[in-house]
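Visitor: Structure provided below as structure tokens; questions to follow.
The values are calculated or read from the model by the stated rules, or taken from the named source; none is laboratory data. Only a predicted model underlies this, so the values are computations on that prediction, with no experimental measurement involved. Note that each Cβ is placed from the backbone with ideal geometry, even for glycine, and that neighbours are counted across all protein chains shown. Note: areas computed on protein heavy atoms with side chains; ligands, DNA, RNA excluded. Shrake-Rupley method; radii C 1.70, N 1.55, O 1.52, S 1.80 Å.
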Amino acid sequence: MALRQARFVELPCAQAVCRGPAADRGSAARLLTGRLALLELDLPDTTPVVVPGRVHGLGSFECDELRSALADALPATLRDSLRTGFEWYACRGAFFHNDAHYGAVLFGAWCVAGPPREIVFARGGARAPAEPGDWVVFDPFEPHAVLDPATDRYARDHYAGAPASLFIGFELQLDERVLNAFDIRPARPGAPVLASSVAVNAETGALC
């Protein structure tokens, strides 16, 4: 497996206001992506994940080996910001949505099984590879989807019966190091609002 060092990807879109459980803040100006050798882990069964388009949680866990591997893959300044807990997530493609309930963290997704796909950020005009070994850290307020490569729209029928993607979810706490690295600034008055209460078009990711 070819490995790839962590690199930041700029999002060519205007900063938005992230309105969540805590105080308003500006949206992250960049993603962080990389590629990491897979560990020998007992993977959960994805057979029950039959409904296409939805991301299914398959349980939480802690693993010192996993945390060490991910911490080593992150830029040195961000390693202490990695939280200890992890989650299993699986989907057969995922329609555009946001995860604005993750108020005080940036969200990470490490693909550990499944076909080649991409995590697509509609508002940000960016794509992150999502085949086994690929990982990405992003602002959970940004509308995103899991789609086949070079696909811009989610089509439910396309993913019915398709192979599942399996991810390990992880979190970076929003401390000063993370705020600076992802260029997260105070909320700007008049900027577009990203929140659980703001509808996202499931097919295109446009804010409704």
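Visitor: Kindly report, to the nearest 10 Å², the accessible surface of R35 as traced by a 1.4 Å probe over protein heavy atoms only.
Guide: Spelled out: R35, probe radius 1.4 Å, area about 40 Å².
Visitor: Expressed as a rounded percentage, what relative contact order does the chain have, with Cα pairs under 8 Å and six or more residues apart?
Guide: Reported as a whole number, the value is 30 percent.
Visitor: What does the accessible area of V9 come to, in Å² to the nearest 10, when a probe of 1.4 Å is used?
Guide: 30
Visitor: Here's something else I'd like to know. What residues of segment 54-84 lie in the reach of a label at D175, counting those whose backbone N is under 12 Å from a point 7 Å from the Cα along Cα→Cβ?
Guide: 77-84
Visitor: Just subtract the alpha-carbon distance of D148 and D24 from 0.36 nm times their residue separation and send over the number in nm, one decimal.
Guide: 41.3 nm
Visitor: Follow-up question, since we're still on this one. Just to make sure I understand: if all protein chains stay in place, what is the order of E171, E176 by accessible area at 1.4 Å, largest first?
Guide: Values: E171 45, E176 125 Å².
So, going from the largest accessible area down, we get E176, E171.
Visitor: Now a separate question. Just the number, please: Stokes-Einstein D of segment 52-145 in µm²/s, Kirkwood Rh from C-alpha pairs, 37 °C, 0.692 mPa s.
Guide: 232
Visitor: Sort largest first and round to whole Å: the equivalent ellipsoid semi-axes of the chain, each the square root of five times a Cα gyration tensor eigenvalue.
Guide: Working through the eigenvalues yields semi-axes of 24, 22, 15 Å.
Visitor: Could you give the length gained on full extension between H101 and R185, defined as 0.36 nm per residue of separation minus the Cα-Cα distance, in nm?
Guide: So the extension gain works out to 28.3 nm.
Visitor: How many percent of Cα pairs in segment 1-54 exceed 18 Å?
Guide: The calculated P(r) of segment 1-54 puts 66 percent of pairs beyond 18 Å.
Visitor: Normalise the Debye intensity by I(0) for segment 1-107, one equal point scatterer per Cα, no solvent, then take log10 at q = 0.10, 0.17 Å⁻¹ and round to two decimals.
Guide: Taken in order of the listed q values, log10 I(q)/I(0) reads -0.39, -1.18.
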